[in-house]
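See below for the structure under consideration.
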Amino acid sequence: MGSLTFTSLTVEPALTAEFSVAPALSLAGISVKPALSMASVYWNETMFADAETPQGEIDGENTEFVLAFPPNPPASLMLFENGLVQNEGEDYELIQNVIVFAFAPEPDTTLLAWYRH
């Protein structure tokens, strides 16, 4: 199934929210609600990525994961592995929009990132 992207919420002064969601499905009285996959908010030309899942295979061997955008400033990145905050320089390095972990995340690990760009 594809995904839908909406950029329709605008609030003054200069606040825009963008959401990417999976389409809703309803069959024989069973309804599946859309799942939020990523939200970006624009405030005075600064964009925020909230609860973004970095792209990359979580297989216990891969250490590199890609963000949709390079964090700006880089220190704005808040990275969580299974709900635990990760420390730059200790747990990972950030190179542009690529996160390089010191140790490969194990399968079934959840990675989430919040940052400005």
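Take the residues of the range 102-117 that are of a type in the set (A, V, I, L, M, F, W, C) and surrounded by 13 or more Cβ atoms within 10 Å (Cβ to Cβ): which is farthest from the chain's Cα centre (by Cα)? Among those that are of a type in the set (A, V, I, L, M, F, W, C) and surrounded by 13 or more Cβ atoms within 10 Å (Cβ to Cβ), it is Ala104. Selection over the range 26-85 of residues that are modelled with pLDDT under 80 and not basic (Lys, Arg) gives a count of 19.
Residues that are over 15 Å from the mean Cα position of the chain (by Cα), in a loop (DSSP other than H, G, I, E, B), over 14 Å from Pro54 (Cβ atoms) and of a type in the set (Asp, Glu) do not occur anywhere in the range 91-101.
The values are calculated or read from the model by the stated rules, or taken from the named source; none is laboratory data. A quick note: this is a predicted structure, and the numbers were derived from the prediction, not measured. Don't worry about glycine lacking a Cβ; one is built from the backbone with ideal geometry, like all the others, and counts go over all protein chains shown.
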